[in-house]
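Comments concern the structure below.
The values are calculated or read from the model by the stated rules, or taken from the named source; none is laboratory data. Given the structure is predicted, the values throughout are model-derived calculations rather than measurements. Note that each Cβ is placed from the backbone with ideal geometry, even for glycine, and that neighbours are counted across all protein chains shown. Ligands, DNA and RNA are stripped out before the accessible areas are found, and what is left, the full protein with its side chains, is counted by its heavy atoms. Shrake-Rupley method; radii C 1.70, N 1.55, O 1.52, S 1.80 Å.
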Amino acid sequence: MSTSVKKVQFSPFKERLYVIIGSIPMMTVLSISFGLIYQDYALNKFSLLGKSWHLSNVEKTSYDDEIPCIESEYLVLRSKFPSCAPKKCFRYFTDFLITEKEGKILLNMAEKGWLQGDNTDSANFLSIEKGTIKSGNSITKLKENLFSNEELLTYKSVKQSILNHVKTKFGVENLYLTNENQFTKFTNNNPKAELSKYWKRKIDMNEHQWQQYSVILFLNDFMADFYGSREVFKNINSSMILTIQPKLARVLIYSPGSENEHFFERLEYGNSYALKMPLTCDQNIKSN
């Protein structure tokens, strides 16, 4: 007995449809692979047409890059403080130095402090050492005994841990904490003063000549708590820029000269919190 095989024919539309459906798994794999490669490349100074695509690899827990210095900016400094001044210029962050628990304790301190005064500017500053809140052109004194012993001990411990890490990491001595530490609260409100425009480019050394190492401890998370406020560094003699993504307990350290001209993206929603810690080689500036 012979059997006949019936050939099934599809309309051109169905043929195209089945081809598209069949290619979806491969397209998905390629898209995910491209995304992972793209994320890793973006943090390492990826640029397109002179602009960063503003992606940081959330899987990265550290970053360490030596960059060219403007040597003339460091000549006097290295002569005056040979054991302390930066021997090279750099950008560096680590997620392993400060714990999330410590970061949350510091964030709670800052939030407790903000309740004591106006903090509706685009950039608001709180100083534990000076006991003040600055918002626009207004300054408010903090109440005495506002913070618990645990909070103050954690704050002191975190500062000392960061100082010790910088000394060890960069092989320097005679480096000091200062009383110029500031908790920052960035918002998407309109600025009340020129200094409140955190999205304007700045060079730390130009603002404080006594500042030899710049430190920022981030206290909440990009995307989860806010969008914007990523720190953007421009490279000298290059169209490429580097974008650092804030993350709870991430410590960012960089040299303060023109090689690290930077700004923060303006927030689209939420509030971003951080602790700025300028370090100095000058004993006349160091904290008591």
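Are any residues in the stretch 140-154 closer than 13 Å to Gly113 by Cβ and open to solvent by 100 Å² or more (accessible area, probe 1.4 Å), and if so, which ones? Across the stretch 140-154, the qualifying residues are Lys141, Lys143, Glu144, Asn145. Any idea which residue in the stretch 236-247 is modelled with the highest pLDDT, counting only those that are crowded, with 17+ Cβ neighbours inside 10 Å and either under 15 Å from Pro68 (Cα atoms) or among the basic types (Lys, Arg) (or both)? Among them, the one singled out is Lys247. Applying the condition of being surrounded by 21 or more Cβ atoms within 10 Å (Cβ to Cβ) and of a type in the set (Ser, Thr, Tyr) to the stretch 208-235 and asking which residue is farthest from Glu111 (Cα to Cα) yields Tyr213. Residue count for the stretch 113-127 satisfying the condition of being open to solvent by less than 40 Å² (accessible area, probe 1.4 Å), free of Cβ contacts under 8 Å to residues at least 60 places away in the same chain and over 21 Å from Ile253 (Cβ atoms): 2.
For Met205, the conditions (1) out of contact with any helix residue (DSSP H, G or I) (no Cβ under 7 Å at 6 or more places or on another chain); (2) more than 19 Å from Asn124 (Cα to Cα); (3) open to solvent by 20 Å² or more (accessible area, probe 1.4 Å); (4) touching a residue at least 40 places away in the same chain (Cβ under 8 Å) are fulfilled apart from (1).
Is it the case, given these coordinates, that Pro278 is under 26 Å from Lys87 (Cα atoms) and in contact with a Phe, Trp or Tyr (Cβ under 8 Å, 6 or more places away or on another chain)? Answer is yes for this residue. Taken over the stretch 174-216, the criterion of being more than 14 Å from Phe264 (Cα to Cα) and among the aliphatic types (A, V, I, L, M) is satisfied by Leu175, Leu177, Ala193, Met205, Val215. Of everything in the stretch 95-112, what is of a type in the set (D, E, K, R) and either buried (at least 20 other Cβ atoms within 10 Å of the Cβ) or in a loop (DSSP other than H, G, I, E, B) (or both)? Give them in sequence order. The one that is of a type in the set (D, E, K, R) and either buried (at least 20 other Cβ atoms within 10 Å of the Cβ) or in a loop (DSSP other than H, G, I, E, B) (or both): Asp95.
Among the residues making up the stretch 77-94, those that are open to solvent by 20 Å² or more (accessible area, probe 1.4 Å) and over 15 Å from Gly257 (Cα atoms) are Ser79, Lys80, Phe81, Pro82, Ser83.
For the stretch 128-139, what are the residues that are of a type outside the set (S, T, N, Q) and open to solvent by 20 Å² or more (accessible area, probe 1.4 Å)?
Residues satisfying the conditions are Ile128, Glu129, Lys130, Lys134, Ile139.
Scanning the stretch 173-186 turns up one or more residues that are within 21 Å of Val232 (Cα to Cα) and either at pLDDT below 95 or of a type in the set (Ser, Thr, Tyr) (or both). Which condition from (1) buried (at least 23 other Cβ atoms within 10 Å of the Cβ); (2) part of a loop (DSSP other than H, G, I, E, B) is the one that Gln283 breaks? Of (1) buried (at least 23 other Cβ atoms within 10 Å of the Cβ); (2) part of a loop (DSSP other than H, G, I, E, B), only one is false for Gln283: (1).
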